[in-house]
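Student: Got a structure here, written out as structure tokens. Questions coming.
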Amino acid sequence: MTEWLAAIGEEGTHGCFFYQSEDQYIEIASHYFQVPLTHPKERCLWILPPQWNAPFIQHRLQPNVSTDLKPAIQNSKLVLSPWRDWFENGAGFSVQELMQKGKKFITHTMEMGYERLWLLTHALPASSPYWKQFLELEQRLEKSIQDKPVISLCGYRLTDCPAEMIPQVTNTHQISLIRNGSLWQPIRRTRGMAKSA
């Protein structure tokens, strides 16, 4: 197990990562989902980056995991949700509605017989008019999963998240993954500040 996955792979953990390239994103996703995809009692929800669709993601992920993704998707063990389908509705970006949607998904997952949910999602660009609402959603998500069998990880593309915005992001996550050369370094938040895990 990679060091960063050991740091983030505990129930109730809310983390994020900052990436530059498509390959870096897929590297994180493939390691993150490898274990739950092979475990019969664990389920995965992947809210895709806005620029990608489900067939593209499936094509990119499959060579990097040992599990056949097709039956996992057909059986809803791996749920691939386009970004707009999950986050947007006719009224715009509603934090309250999204929290309720997430709560229902977790409840339904447990009712299906699963014991843990692994969530991988993707952030809005910092230039979005809903940036503040998205950070509020992140804060509320962290509080809501603290006592639940859920692990959450959110990707932030560096081209969409200027350096001055990064402290805002790290302060809304327990653990942040930063690329250091060829390795991902987990940084753990402590009392509003971040330190190496």
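The values are calculated or read from the model by the stated rules, or taken from the named source; none is laboratory data. Quick caveat, the model's predicted, so the values are computed rather than measured. Backbone-built Cβ (ideal geometry, glycine too); neighbour counts: all protein chains shown.
Student: Any residue that is in a helix (DSSP H, G or I), over 19 Å from ARG157 (Cα atoms), at pLDDT 95 or above and aliphatic (A, V, I, L, M) - is there at least one of those in segment 116-124? Give the derivation first.
Tutor: Here is the first cut: in segment 116-124, the residues in a helix (DSSP H, G or I) are none.
Checking segment 116-124: not a single residue is in a helix (DSSP H, G or I), over 19 Å from ARG157 (Cα atoms), at pLDDT 95 or above and aliphatic (A, V, I, L, M).
Student: Going by the conditions given, is PRO36 assigned to a loop (DSSP other than H, G, I, E, B), out of contact with any Leu (no Cβ under 8 Å at 6 or more places or on another chain) and crowded, with 17+ Cβ neighbours inside 10 Å? Spell out how you get there, then give the answer.
Tutor: Values: assigned to a loop (DSSP other than H, G, I, E, B): no; out of contact with any Leu (no Cβ under 8 Å at 6 or more places or on another chain): yes; crowded, with 17+ Cβ neighbours inside 10 Å: yes.
No: the conditions fail for PRO36.
Student: Which residue out of SER152, SER176, SER182, SER144 is touching a His at 6+ places or on another chain (Cβ under 9 Å) and within 22 Å of TYR32 (Cβ to Cβ)?
Tutor: Values: SER176 fails: touching a His at 6+ places or on another chain (Cβ under 9 Å); SER182 fails: touching a His at 6+ places or on another chain (Cβ under 9 Å); SER144 fails: touching a His at 6+ places or on another chain (Cβ under 9 Å).
When all the criteria are applied, what remains is SER152.
Student: Can you tell me which of (1) of a type in the set (A, V, I, L, M); (2) within 27 Å of HIS108 (Cβ to Cβ); (3) touching a residue at least 60 places away in the same chain (Cβ under 8 Å); (4) not in a strand (DSSP E or B) is the one LEU135 doesn't meet?
Tutor: (3)
Student: Among the candidates LEU177, LEU158, LEU183, LEU135, which residue alone is hydrophobic (A, V, I, L, M, F, W, C) and touching a Gly at 6+ places or on another chain (Cβ under 9 Å)?
Tutor: Details: LEU158 fails: touching a Gly at 6+ places or on another chain (Cβ under 9 Å); LEU183 fails: touching a Gly at 6+ places or on another chain (Cβ under 9 Å); LEU135 fails: touching a Gly at 6+ places or on another chain (Cβ under 9 Å).
Testing whether each residue is hydrophobic (A, V, I, L, M, F, W, C) and touching a Gly at 6+ places or on another chain (Cβ under 9 Å) leaves just LEU177.
Student: If you take the residues in segment 78-115 that are in a loop (DSSP other than H, G, I, E, B) and of a type in the set (Asp, Glu), which one is nearest to ALA54 (Cα to Cα)? Spell out the reasoning first.
Tutor: From segment 78-115, those in a loop (DSSP other than H, G, I, E, B) are 82, 88, 90-91, 93-94, 112-115; that's our starting set.
Add one more test, that the residue is of a type in the set (Asp, Glu), and what stays is 88, 115.
Details: GLU88: 17, GLU115: 25 Å.
The extreme case among them is GLU88.
Student: Oh, and also: Right, LYS104: surrounded by 14 or more Cβ atoms within 10 Å (Cβ to Cβ), over 28 Å from GLN20 (Cα atoms) and over 15 Å from the mean Cα position of the chain (by Cα) or not?
Tutor: Details: surrounded by 14 or more Cβ atoms within 10 Å (Cβ to Cβ): no; over 28 Å from GLN20 (Cα atoms): yes; over 15 Å from the mean Cα position of the chain (by Cα): yes.
Judged against the criteria, LYS104 is not a match.
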